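Novice: Input: one structure, supplied below.
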Ligand code: ITT
């Protein structure tokens, strides 16, 4: 089975990707002894995905892919977007972010939102990009214990369970990261 490095420190993301990319041996940054915090100071998801992938390729001299994800809320003009990880401030928890978003949307009727993911793949000296998104709404309360991040308050269109209530395999079929990863898989399988 071919090794493929996923440039992430996020154990939840790693678990999701391992469940999707079953034909590859997916290594995380810990597996290659990369313990540095990669500074994600890009202005877009694409910039940050490229920053993470390039950091690993230039410092560890290996092919890898990285993803960056953001939650865009229409009533907040697309916030938290690229700042989704630190929406409630530097060092904040997932719960802090969820609380801040629920407060920001208190009394707001338009709750439309979407998750977007950009994956940057560095392979044999070339770079390839893949995108995925999922439309939905921000619920008024939290539901479910699974997943991570904003999952307990994201209800994907056409479903009656939040991402945190669904089994991971269901989330992976329809999610932003799942869709971007499917494109990555199709690309890798063709080669
Ligand atoms: P790495 O940069 O190490 O990969 P990260 O946690 O910083 O991990 P991202 O920058 O891609 O990940 O994501 C930004 C934030 O968006 C993340 O901290 C979560 O709060 C949220 N997020 C990302 N993917 C999510 C998902 O599938 N479900 C819910 N929230 C998610």
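Novice: Checking residue 152 against (1) more than 12 Å from the ligand (Cβ to nearest atom); (2) over 22 Å from residue 182 (Cβ atoms); (3) out of contact with any strand residue (DSSP E or B) (no Cβ under 9 Å at 6 or more places or on another chain), only one condition comes out false. Which one?
Specialist: The number of the failed condition is (1).
Novice: Next up: For residues in the stretch 82-105 being in contact with a helix residue (DSSP H, G or I) (Cβ under 8 Å, 6 or more places away or on another chain) and outside any helix (DSSP H, G or I), which is surrounded by the fewest Cβ atoms within 10 Å (Cβ to Cβ)?
Specialist: 89
Novice: Can you tell me which residue within the stretch 54-77, out of those that are free of Cβ contacts under 8 Å to residues at least 60 places away in the same chain and within 16 Å of the chain's Cα centre (by Cα), is farthest from residue 37 (Cα to Cα)?
Specialist: Out of the qualifying residues, it is 72.
Novice: Free of Cβ contacts under 8 Å to residues at least 24 places away in the same chain and in a strand (DSSP E or B): does that describe residue 51?
Specialist: It is false that residue 51 is free of Cβ contacts under 8 Å to residues at least 24 places away in the same chain and in a strand (DSSP E or B).
Table: residues versus (1) under 15 Å from the mean Cα position of the chain (by Cα); (2) free of Cβ contacts under 8 Å to residues at least 60 places away in the same chain; (3) closer than 23 Å to residue 39 by Cβ.
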{"residue": "82", "(1), (2), (3)": "yes, yes, yes"}
{"residue": "95", "(1), (2), (3)": "no, yes, no"}
{"residue": "98", "(1), (2), (3)": "no, yes, no"}
{"residue": "102", "(1), (2), (3)": "no, yes, no"}
{"residue": "106", "(1), (2), (3)": "no, yes, no"}
{"residue": "116", "(1), (2), (3)": "yes, no, yes"}
{"residue": "119", "(1), (2), (3)": "yes, no, yes"}
{"residue": "126", "(1), (2), (3)": "no, yes, no"}
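Novice: From the list 73, 108, which residue is modelled with pLDDT of 95 or more and surrounded by 21 or more Cβ atoms within 10 Å (Cβ to Cβ)?
Specialist: On inspection, the qualifying residue turns out to be 73.
Novice: Looking only at the stretch 9-21, filter to residues that are farther than 17 Å from residue 185 by Cβ and within 11 Å of the chain's Cα centre (by Cα); which one of those is surrounded by the fewest Cβ atoms within 10 Å (Cβ to Cβ)?
Specialist: Only one residue fits best here, namely 12.
Novice: Given 183, 173, which one is touching a residue at least 40 places away in the same chain (Cβ under 8 Å) and assigned to a helix (DSSP H, G or I)?
Specialist: Just a single option satisfies the conditions, and that option is 183.
Novice: Follow-up. Which number in (1) within 18 Å of the chain's Cα centre (by Cα); (2) assigned to a strand (DSSP E or B); (3) within 30 Å of residue 57 (Cβ to Cβ) marks the one condition that residue 149 misses?
Specialist: (2)
Novice: Those residues that are part of a loop (DSSP other than H, G, I, E, B), more than 10 Å from the ligand (Cβ to nearest atom) and farther than 19 Å from residue 128 by Cα, I need them from the stretch 1-40; list them, please.
Specialist: 1, 22, 23, 33, 34, 35, 36, 39
Novice: Determine, yes or no, whether residue 146 is at pLDDT 95 or above, over 21 Å from residue 73 (Cα atoms) and in contact with a helix residue (DSSP H, G or I) (Cβ under 9 Å, 6 or more places away or on another chain).
Specialist: For residue 146, the condition - at pLDDT 95 or above, over 21 Å from residue 73 (Cα atoms) and in contact with a helix residue (DSSP H, G or I) (Cβ under 9 Å, 6 or more places away or on another chain) - is met.
Novice: Do the conditions hold for residue 43, that is, is it outside any helix (DSSP H, G or I) and more than 12 Å from the ligand (Cβ to nearest atom)?
Specialist: Yes; evaluated as a whole, the condition is true for this residue.
The values are calculated or read from the model by the stated rules, or taken from the named source; none is laboratory data. For clarity, every value in this text was computed on a predicted model and none was experimentally measured. Note that we place each Cβ from the backbone using ideal geometry, even for glycine, and neighbour counts take in every protein chain shown.
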